[in-house]
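> Dropping a structure here in structure tokens format, bear with me for questions.
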Amino acid sequence: MMSPERCELPPSRKGFERIESYHINIFYSEDDDGYIADIPDLEACSAFDDTPDKALLEVQKAKSLWIEAAMAEGKTIPPPKYRPVIYQAQIA
């Protein structure tokens, strides 16, 4: 499993705070015969390619474009919240 990475804002928004890490899922799709990468916290932010590494690179591009488009439209960028169950701590 690939670890979440950090995202910098587009150059036009460098004065703003840094965007925190978003979890990225990467999985093989038999229906599509390739790898899909998605970011659950960013609605409809996903990418497809023939290897996991290429899918990761593509979803990182998609994330930057998603954030840039949201800013241009004045939309709120959601904070990273999604964490797979294996990373969620149980509090007794």
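> Through the Karplus equation 6.51 cos²θ - 1.76 cosθ + 1.60, θ set to phi - 60°, convert the phi angles of region 27-33 into ³J(HN,Hα) values in whole Hz; use x for Gly and Pro.
Here the 3J(HN,Hα) series is 8, 8, 10, 5, 4, 9, 6 Hz.
> Still on this structure, I have one more. Work out, step by step, the length gained on full extension between residue 33 and residue 73: first 0.36 nm times the residue separation, then minus their alpha carbon distance; give nm to one decimal.
11.0 nm
Every number in this text was worked out from the coordinates using simple rules, so none of it is lab data. As the structure is a computational prediction, the values presented were derived from the model and not from experiment.
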